[in-house]
Amino acid sequence: MLTKSEVANYLGISSEEVQKLTEITNGENSFTSEIPHIKIDKIDYYPKKAIDKWLLDTQLIVVQ
């Protein structure tokens, strides 16, 4: 399991960009996610194997 800062470093992006991929507003009080993660006690963790699979399956994502 990787922390937000570890996955940011692993992907070569900022922690803010990881956050944008983690919580995408999907309506009122509802969120969706581009990046695989789990939340334990309000902390997001990113399974490395799931991140690797997600990278292989993802064609293009634009973070604004």
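Here, each number is a calculation from the coordinates, and none is a lab measurement. Fair warning: this is a prediction, and the values are worked out from it, not measured in the lab. A quick note on method: Cβ atoms are made from the backbone with ideal geometry, for glycine too, and the neighbour counts reach across all protein chains shown.
Name the aspartates and glutamates eligible as straight-distance cross-link partners of residue 49: C-alpha to C-alpha under 13 Å, and not fewer than 8 places from it in the same chain.
Within the straight-line limit of under 13 Å, residue 49 reaches these aspartates and glutamates: 57.
What does the charge add up to near residue 32, with Lys and Arg as +1, Asp and Glu as -1, over the other residues with Cβ less than 15 Å from its Cβ?
On the way: positive: 20, 39; negative: 23, 28, 34, 44.
The answer is -2.
All other residues with a Cβ under 12 Å from the Cβ of residue 54 taken together, and with Lys, Arg as +1 and Asp, Glu as -1, what is their net charge? If you can, show how the numbers build up before the last one.
Values: positive: 48, 49, 53; negative: 34, 52, 57.
Residues close to residue 54 contribute a combined charge of 0.
Give the Kirkwood hydrodynamic radius (Å, one decimal) of the chain, defined as one over the mean of 1/r across all pairs of different Cα atoms. Numbers along the way, then the final one.
On the way: mean 1/r = 0.0824 Å⁻¹.
It is 12.1 Å.
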